[in-house]
1. Any residue in segment 372-386 that is over 23 Å from residue 49 (Cβ atoms), in contact (Cβ under 8 Å) with a residue 40 or more places away in the chain and not aliphatic (A, V, I, L, M)?
2. Could you tell me whether segment 263-284 includes any residue that is more than 25 Å from the chain's Cα centre (by Cα), modelled with pLDDT of 90 or more and either assigned to a helix (DSSP H, G or I) or not hydrophobic (A, V, I, L, M, F, W, C) (or both)?
3. Every residue in segment 168-206 that is at pLDDT 85 or above, in a loop (DSSP other than H, G, I, E, B) and either over 30 Å from residue 132 (Cβ atoms) or in contact with a helix residue (DSSP H, G or I) (Cβ under 6 Å, 6 or more places away or on another chain) (or both), please.
4. Please count how many residues of segment 337-359 are of a type outside the set (D, E, K, R), part of a strand (DSSP E or B) and surrounded by 17 or more Cβ atoms within 10 Å (Cβ to Cβ).
5. Would you mind telling me which numbered condition in (1) part of a loop (DSSP other than H, G, I, E, B); (2) modelled with pLDDT under 95; (3) surrounded by 14 or more Cβ atoms within 10 Å (Cβ to Cβ) residue 301 fails?
6. If I ask for residues that are under 22 Å from residue 281 (Cα atoms) and assigned to a strand (DSSP E or B), which ones from segment 308-333 would you list?
Amino acid sequence: MSIECCKYAGRFEQKERKEYKQLKEDLDNIGSILERAKELNQHFIETIGDRPVCAPYDKQQINTADDNHDSSSLSLSEEGIGATRALEYFWKRFGDGVSGSAGPRYLGFVVGGVTPASLVGDWTCSTIDQNAQLSGDTVSAAIEHLTIRQLLELLGLQDHRLQESDNESFTGSFVSGATMANFVGLAIARQWVGEKQSIDVAENGMDGVKIRLLTANAHSSSVKALIFKNQSPYLADPICRPDNYLHLTPENSRRFRALPLWMALKAYGRRGMVNIVERNVELAQSLGKWVSDSSSSNISSSSSPSQILFKLLSPVHLNVVCFALDGLGEHYDTKQLVHFRNRFLELLDRHGKVRCTPTMYNGQPGIRAAFVNWMTQSTDLSIAIESLKYCRLQLSKDQSQNQ
């Protein structure tokens, strides 16, 4: 029997396909590749303040007729160029199209602002490449559960003296972002409501389930929260434990998303996290006050109309400022107001100093500024305010010229 096995092993060894040359060379030179990646990424971080917060529109597109580059390089090549050259090509070819979303004046979507420790954690996450579920071959699920526990402690959502044996008292999971968080949260909530009425929603759907839906201004991702059940013939049956992420999210294979946050919590502790949150809330309050002071309700009727710039749509409670253009006149309908809002944001993007995003609040077209970056300082707020003012006055000039 052993002789036959040796014969088959010998045949397999003879037929084994050789490793692709470029892959082997990259592995042999992994040190220099990572060093080059460090140099280029470090340069990006150190110059983030000089980068346009919104990349120029033409740079956001891939122009096949660009004279500075060979258009054939946009096609899939038969032979690769290696990791270092691919990295350098990316920055040379597409670097000007990368926005400053990681910087301190990106107030648009809730992205960017990675801390140094989280950056290290994310690099490590890709290096170790773990499947963060209860798979029986990695500590990643346990670290994710530990990180959730520390988050609950940070937010005051559980007694910090809770013993490790009390696993069933809390759970949670890291997903790809706010959209998937709403997706999973609403799906789990529906399942829970169904169970209270002796109905398995995942198995039988919503027929017969009675739900009272209470909402104010629901997030757009809420409508994406479809019924799902993570079930496949090759998956084990659900195990009732809080770190069984295979059955707590739609994903079967999961990135080790908890590691960057765990690294940040370990590096900066409670005080560091509190500092980031409190500073962003204070900056949002400051912007909110400036917006309010520039509104028609707070500027005397004898003042110049050019001093009327914006108005708050909602009080600033935490780190998000929701405001709208003011001083446009009373005779515009919603469609026209949306046009002016969009034109203003276009001017703001072109100016490149600060990024805000559009929103609708109680039927009014608004502008949203979200403070989430740990690097944002009062000097950044001053630059942002000057840009908002400049672009608002530019919009007024455009408006008067078109009348």
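The values are calculated or read from the model by the stated rules, or taken from the named source; none is laboratory data. Keep in mind the model is a prediction, meaning the values are calculated, not measured. Heads up, the Cβs are rebuilt from the backbone with ideal geometry, glycines too, and the neighbour counts pull from every protein chain shown.
1. no
2. no
3. Hits for segment 168-206 are 173, 174, 175, 197, 198, 199.
4. Quick first cut of segment 337-359, residues of a type outside the set (D, E, K, R) only: 337-340, 342, 344-345, 347-348, 351-352, 354, 356-359.
With the extra rule that they be part of a strand (DSSP E or B), the set shrinks to 357-359.
Now narrow it down to the ones that are surrounded by 17 or more Cβ atoms within 10 Å (Cβ to Cβ): 359.
Residues that pass the stated criteria total 1.
5. (3)
6. If the condition is that a residue be under 22 Å from residue 281 (Cα atoms) and assigned to a strand (DSSP E or B), then 310, 311, 312, 320, 321, 322, 323, 324 are the ones that fit.
Yes/no matrix, rows are residues, columns are (1) of a type in the set (Val, Ile, Thr); (2) surrounded by 15 or more Cβ atoms within 10 Å (Cβ to Cβ); (3) modelled with pLDDT under 90:
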position	(1), (2), (3)
39	no, no, no
60	no, no, yes
64	yes, no, yes
67	no, no, yes
73	no, no, yes
79	no, no, yes
87	no, yes, no
98	yes, yes, no
107	no, yes, no
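This table checks each residue for (1) crowded, with 19+ Cβ neighbours inside 10 Å; (2) assigned to a helix (DSSP H, G or I).
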site	(1), (2)
113	yes, no
117	no, yes
141	yes, yes
153	no, yes
157	no, no
